[in-house]
2 protein chains.
Amino acid sequence: MAGRKVNTMEELAEVSGISRPTLSKYFNDPDSVRESTRAKIKIALAKYDYRPNIFAINQNRKLTKTIGIVVPYSADPFFAEIVRMIERRCIDAGFWPLVFSSHGQQELENNALATLQSLRPAGALIAPLGRNSDFESVQSFTQEVPTIVFDSNVNVGEAFVGSDNFQSIGLMVNYLCRTGEPPCFFEMEPVNPNANKRRDAYVKTMQSLGHEPMILQVARSGWDFESIGLIEGNRLIKEGKLPSQTVLCSNDRLAVGLIAAAYQNGIKVGYGEGRTLRIAGHDDHPQSQFTCPPLTTVAQDYSSIAEHSVELLFGMINGDSKPADRPDVLFEGKLIMRESA
Amino acid sequence: MAGRKVNTMEELAEVSGISRPTLSKYFNDPDSVRESTRAKIKIALAKYDYRPNIFAINQNRKLTKTIGIVVPYSADPFFAEIVRMIERRCIDAGFWPLVFSSHGQQELENNALATLQSLRPAGALIAPLGRNSDFESVQSFTQEVPTIVFDSNVNVGEAFVGSDNFQSIGLMVNYLCRTGEPPCFFEMEPVNPNANKRRDAYVKTMQSLGHEPMILQVARSGWDFESIGLIEGNRLIKEGKLPSQTVLCSNDRLAVGLIAAAYQNGIKVGYGEGRTLRIAGHDDHPQSQFTCPPLTTVAQDYSSIAEHSVELLFGMINGDSKPADRPDVLFEGKLIMRESA
DNA sequence: CACAAAACTTTACCCCTGTAAAATTTGTTT
DNA sequence: AAACAAATTTTACAGGGGTAAAGTTTTGTG
């Protein structure tokens, strides 16, 4: 760290004896310069610890190294987990992931999209709010930025990657019917297309098995799923309104709340003798293995969803593959048998 | 949206009849131009929907409108929640929060810090990894960027904002001792200074109450706290190694795992007759109210921590108040009595 | 050793906005 | 209406680096 401070590439050129354009090449791709040159640059770099100015770089480049990630709720375990995986892959590929959370609010989603857009990202991976999304904003964003939509399939972007809710819900309904009383379906007002698909899948599967569908939709919205599960679960239990002693919840967080409600009413949850209420979820959130009893659920294929989303996006960015005709890439869920059902 | 596309301020000047420097003034502060001028600009803006190029702006401005937020683990409920609050406040103040998660890894923390630094943020709010932090990296970052440290007090930055672990742990130990058997303390290898402070606080409080401290430190590290709680809890229970039937866990996530372990071993957790094991946590994570039984814990003052951190930072940014001598701002925890202890 | 290809240097211009200084216009005050 | 202050326009340069074109040096091959 001797000598003067080096703040610009110009200055680095002076102290390193390498021309600025060559340095520029080096920073864009170190392998594009001769090895001897690279060595010299590295020595200078070690000595003066210079870093190119991001803003100056991005001002001139058509495409930046930024990848935007927008999720409806970063505190939701599903998104927390999938964001983690996506970030990792972006970093490994030399990109800069920037994560934005809409916290369930349309205003914030628009805000995030606008901020992101002015950052001129190379691409974006977004999980829209769904029903609460401002469709036009999202669409206008996707027209400017190569975008992969994941989790919640609103009809924008170049491709969709998510779970096959028909398969996964079908799997669970089948399992529940084979092992006991056919399930009722517990859901809130749908916040996104997944919720609707899951309900439809439940109905269809029940019918195909010759059972009457029983849907419990509680009139609450928002992202406090556990709380809704607890409060409404409490009410349903107290009022004796559960149409079946087997309950399939629209997602794990709702199930967590319902399990808590059952506990608080002295009802034993689980599969096996002495247990009177079976509760199943959907998603296999990271903490679903720690509920009491551990939650039987369907695991979304987190890593496939993350991997495939990122791969598709990189393909588009490199231009070597444009997904034809906005494909829907769906991954199957896996039945996770634990003790709750 | 008629006519040509307007991509630069120059072009907007042409179509609006306002000079570029005046437009520049307008975008920096709309109130700094005459009302009639503002009106004209707004009309042009509505018609052409232009947005200034962020990179060009930031290249010349000494201070940007970006605020960096770095947390060790964005999927952790505590950080998810506090980040949400901090983001909200930044947005309301006209700043752009950018969130980075280190995912528990030093390499990623350094990475995030470096990325952030090259973004020339107006300021940063960071919760360092703690023990895993590369102290020099963090320190060199804080020398360039006005930084408030929160949650995990490593000795860098302009101020620290967090919880008073001595108070909060003292509170809980007192409560537990008054209502039953004195607690043992369940922890992992400390990941940050908080963990150490909590253990020390436990020891001191126990001693001051005339009890012998009983510490259970399990030799595991990482951020899968629930999993550690479950696995090690299972082991301790099976081997009969719990020195007390009251366990104070270093944090809620560990408690969640321990509750699951107890459940799986058929042990009834809670306060009251028929319950044989009391478990308490610390932090009051959002989901701690949904455990079975609901978790007795100490609530960190999330909103005060978020608010105060942000206020301090804005004060520094505006230059109207420099925190003297790196103050530690500590907030008290509140006892949350639920059923687990 | 010759020669072409690859890598490098020099030179020059571009990106889009901030901002200072001087000249001009607009609006307000007496 | 004159006088003055405030706002705006014009002009000009700065910021840090991308990138093209032309010329020079290095490298690798025959």
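The values are calculated or read from the model by the stated rules, or taken from the named source; none is laboratory data. Because the structure is a prediction, the values reported are computed rather than measured. Don't worry about glycine lacking a Cβ; one is built from the backbone with ideal geometry, like all the others, and counts go over all protein chains shown. The protein model used for the area step is the full one, side chains on, heavy atoms only, and it has no ligands, DNA or RNA in it. Shrake-Rupley method; radii C 1.70, N 1.55, O 1.52, S 1.80 Å.
The selection criterion, being farther than 30 Å from A:Pro52 by Cα, more than 14 Å from every other protein chain (Cβ to nearest Cβ), away from DNA strand C (no atom under 11 Å from the Cβ) and open to solvent by less than 60 Å² (accessible area, probe 1.4 Å), does not hold for B:Ile43. Scan the stretch B:26-39 for residues that are open to solvent by 60 Å² or more (accessible area, probe 1.4 Å) and either among the hydrophobic types (A, V, I, L, M, F, W, C) or at pLDDT 90 or above (or both) and jot them down. B:Phe27, the sole residue that qualifies. Reported count of residues in the stretch A:23-59, each being in a loop (DSSP other than H, G, I, E, B), more than 7 Å from DNA strand D (Cβ to nearest atom) and under 30 Å from B:Thr8 (Cα atoms), is 2.
Scanning the stretch A:8-22 turns up no residue that is open to solvent by less than 20 Å² (accessible area, probe 1.4 Å), within 39 Å of the chain's Cα centre (by Cα) and either within 16 Å of DNA strand D (Cβ to nearest atom) or assigned by TED's automatic domain parsing to the domain that holds A:Ser221 (or both). For the stretch B:240-291, the tally of residues that are among the aliphatic types (A, V, I, L, M) and part of a loop (DSSP other than H, G, I, E, B) stands at 2.
Inspection of the stretch B:74-83 identifies no residue that is more than 16 Å from DNA strand C (Cβ to nearest atom), loosely packed, with under 14 Cβ neighbours inside 10 Å and under 32 Å from the mean Cα position of the chain (by Cα). In summary, B:Tyr175 fulfils each of the numbered conditions (1) closer than 24 Å to B:Glu307 by Cβ; (2) at pLDDT 95 or above with the single exception of condition (1). In the set A:Ala201, A:Ala159, A:Ala195, A:Ala219, only one residue is buried (at least 16 other Cβ atoms within 10 Å of the Cβ), at pLDDT below 95 and not assigned by TED's automatic domain parsing to the domain that holds A:Asn110; that residue is A:Ala195.
Taking the stretch B:1-40 as the range and being more than 10 Å from DNA strand C (Cβ to nearest atom) and within 14 Å of chain A (Cβ to nearest Cβ) as the test, the residues that pass are B:Met1, B:Lys5.
The residues on offer are B:Ser309, B:Ser303, B:Ser250, and the sole one that is surrounded by fewer than 20 Cβ atoms within 10 Å (Cβ to Cβ) and either more than 14 Å from every other protein chain (Cβ to nearest Cβ) or in contact (Cβ under 8 Å) with a residue 60 or more places away in the chain (or both) is B:Ser303. Restricting attention to the stretch A:98-109, the residues that are over 16 Å from the mean Cα position of the chain (by Cα), surrounded by 19 or more Cβ atoms within 10 Å (Cβ to Cβ) and more than 10 Å from every other protein chain (Cβ to nearest Cβ) add up to 0. Per the listing B:Ala112, B:Ala124, the residue uniquely under 14 Å from the mean Cα position of the chain (by Cα) and open to solvent by less than 10 Å² (accessible area, probe 1.4 Å) is B:Ala124. Remark: B:Pro52 falls outside the filter, which requires a residue to be within 11 Å of another protein chain (Cβ to nearest Cβ), over 23 Å from B:Ala159 (Cα atoms), open to solvent by 10 Å² or more (accessible area, probe 1.4 Å) and under 13 Å from the mean Cα position of the chain (by Cα).
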